[in-house]
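Asker: One structure follows; several queries about it will come next.
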Amino acid sequence: MKELKILYLYPDLLELYGDYGNIQVLKYRLEKRGFKAIIDKYCINDDAPDFNSYDLVFAGGGADNEQSILSKDLIKYKDDIKKAVQSGVFFLLICGAYQLFGKYYKGVEGNIVNGLAVFDYYTEAIEDRKKRCIGNIVISANLNGKETKVIGFENHGGQTFDINTSFGKVLYGNGNKFGDSQEGFMTENVIATYLHGPLLSKNPEVADYIIKYCLDRKYNENLILEKLDDTFETLCRNQLLEIFKDSQ
Ligand code: GLN
């Protein structure tokens, strides 16, 4: 049976916004198609993970305090993570994790949290707790050449700068900073985004894009994934897009 190995980073600290749901969706959509999902969790002081042995690394969102705590641990793996990114391991990073893969995150108190600098962007929160990008968000992302509406919920004080390749164009909501036209960061094997939701529960096409990438890379194939019954997901999406349509 074909399988994917998933590494879930800091499930105890980066779990403020329910992003664990992304792991559940990946597991569900893999197993529904007869693939095995092996999910390992890594917390501070666990044995060092072998990042290159995984097909997908996932980390979710969290508060400034938790980001500051874990950054001291995460930085230990800077070189291993860089190698894994370069070798094509897929990284799905949500909000707080997204920020920590850049040069630094400057928190709402003005404190600098060193990032991994795997990517050149950086993030600075507005030093006013009331000034946060909060609300529903819709972007248009290019997934293998297909423009796809991606729906989520954003909740971040951090404003991210110096993005050269975004995850998508903002149709409704803020994006990388207040009133930005772009949201997130994307390369062939990285999706870093502010979209909570959880992201993959609202966007099955994004989940399947990631699953296909990982299986194709691991088994050196060009798989056509079996279509799943997404009736319910589609109903929810259409209802949400209807609500936001006048603002796009
Ligand atoms: N603490 C960070 C911020 O406020 C990240 C928040 C999050 O992960 N949703 O920007």
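The values are calculated or read from the model by the stated rules, or taken from the named source; none is laboratory data. These figures come from a predicted structure and were not determined experimentally. Virtual Cβ from ideal backbone geometry, glycine too; neighbours counted across all protein chains shown.
Residues are listed down the side, and each one gets a yes or a no for (1) more than 30 Å from GLY88 (Cα to Cα); (2) acidic (Asp, Glu); (3) without any contact (Cβ under 8 Å) to a residue 40 or more places away in the chain; (4) touching a strand residue (DSSP E or B) at 6+ places or on another chain (Cβ under 7 Å):
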{"residue": "CYS214", "(1), (2), (3), (4)": "no, no, no, yes"}
{"residue": "TYR219", "(1), (2), (3), (4)": "no, no, no, no"}
{"residue": "LEU223", "(1), (2), (3), (4)": "no, no, yes, no"}
{"residue": "PHE244", "(1), (2), (3), (4)": "yes, no, no, yes"}
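Asker: Ok, one more. Do any strands (runs of 3 or more DSSP E) lying entirely in region 77-119 carry at least 2 residues that are of a type outside the set (Val, Ile, Thr) and buried (at least 21 other Cβ atoms within 10 Å of the Cβ), and which ones are they?
Answerer: The qualifying strands (runs of 3 or more DSSP E) are 90-94.
Asker: State which residue is surrounded by the most Cβ atoms within 10 Å (Cβ to Cβ) when the search covers only region 1-50 and only residues that are touching a Ser or Thr at 6+ places or on another chain (Cβ under 9 Å) and assigned to a helix (DSSP H, G or I).
Answerer: It comes out as ASN22.
Asker: Working only within region 155-208, note down all residues that are part of a strand (DSSP E or B) and more than 16 Å from the ligand (Cβ to nearest atom).
Answerer: Across region 155-208, the qualifying residues are GLY168, LYS169, VAL170, LEU171, TYR172, GLN182, MET186, THR187, VAL190.
Asker: Answer yes or no: is there a residue in region 208-218 that is on the phi > 0 side of the Ramachandran plot, buried (at least 20 other Cβ atoms within 10 Å of the Cβ) and over 17 Å from the mean Cα position of the chain (by Cα).
Answerer: Scanning region 208-218, I find no residue that is on the phi > 0 side of the Ramachandran plot, buried (at least 20 other Cβ atoms within 10 Å of the Cβ) and over 17 Å from the mean Cα position of the chain (by Cα), so the answer is no.
Asker: Name the residue that is surrounded by the fewest Cβ atoms within 10 Å (Cβ to Cβ), counting only residues in region 120-134 that are over 29 Å from ASP79 (Cα atoms) and within 11 Å of the ligand (Cβ to nearest atom).
Answerer: Among residues in region 120-134 that are over 29 Å from ASP79 (Cα atoms) and within 11 Å of the ligand (Cβ to nearest atom), the one surrounded by the fewest Cβ atoms within 10 Å (Cβ to Cβ) is ARG129.
Asker: For region 137-151, state whether one or more residues are farther than 24 Å from PRO198 by Cα and either surrounded by fewer than 18 Cβ atoms within 10 Å (Cβ to Cβ) or acidic (Asp, Glu) (or both).
Answerer: no
Asker: Further question: Does region 51-63 hold any residues that are surrounded by 21 or more Cβ atoms within 10 Å (Cβ to Cβ) and of a type in the set (A, V, I, L, M, F, W, C), and which are they?
Answerer: Once the filter is applied, which keeps residues that are surrounded by 21 or more Cβ atoms within 10 Å (Cβ to Cβ) and of a type in the set (A, V, I, L, M, F, W, C), region 51-63 yields PHE51, LEU56, VAL57, PHE58, ALA59.
Asker: Right, another one. Consider region 120-136. How many of its residues are more than 22 Å from LEU199 (Cβ to Cβ) and either part of a loop (DSSP other than H, G, I, E, B) or polar (S, T, N, Q) (or both)?
Answerer: The number of residues fulfilling the criteria is 7.
Asker: Consider only pairs whose beta carbons are under 7 Å apart and that are at least six residues apart or on different chains; among these, list those whose first residue lies in region 102-116 and is within 15 Å of GLU66 (Cβ to Cβ) and whose second residue is away from the ligand (no atom under 11 Å from the Cβ) and part of a loop (DSSP other than H, G, I, E, B).
Answerer: Every condition considered, the pairs that remain are TYR105/GLY115; VAL108/GLU127; GLY115/PHE101; GLY115/GLY102; GLY115/LYS103.
Asker: Do the conditions hold for ALA37, that is, is it touching a strand residue (DSSP E or B) at 6+ places or on another chain (Cβ under 8 Å) and within 16 Å of the ligand (Cβ to nearest atom)?
Answerer: Against the criterion (touching a strand residue (DSSP E or B) at 6+ places or on another chain (Cβ under 8 Å) and within 16 Å of the ligand (Cβ to nearest atom)), ALA37 does not qualify.
Asker: Regarding GLU183, is this residue touching a Phe, Trp or Tyr at 6+ places or on another chain (Cβ under 8 Å), crowded, with 24+ Cβ neighbours inside 10 Å, at pLDDT 95 or above and charged (D, E, K, R)?
Answerer: In short, yes.
Asker: Among LEU70, LEU26, LEU56, LEU14, which is closer than 19 Å to TYR105 by Cβ, out of contact with any Asp or Glu (no Cβ under 8 Å at 6 or more places or on another chain) and in contact (Cβ under 8 Å) with a residue 40 or more places away in the chain?
Answerer: LEU70
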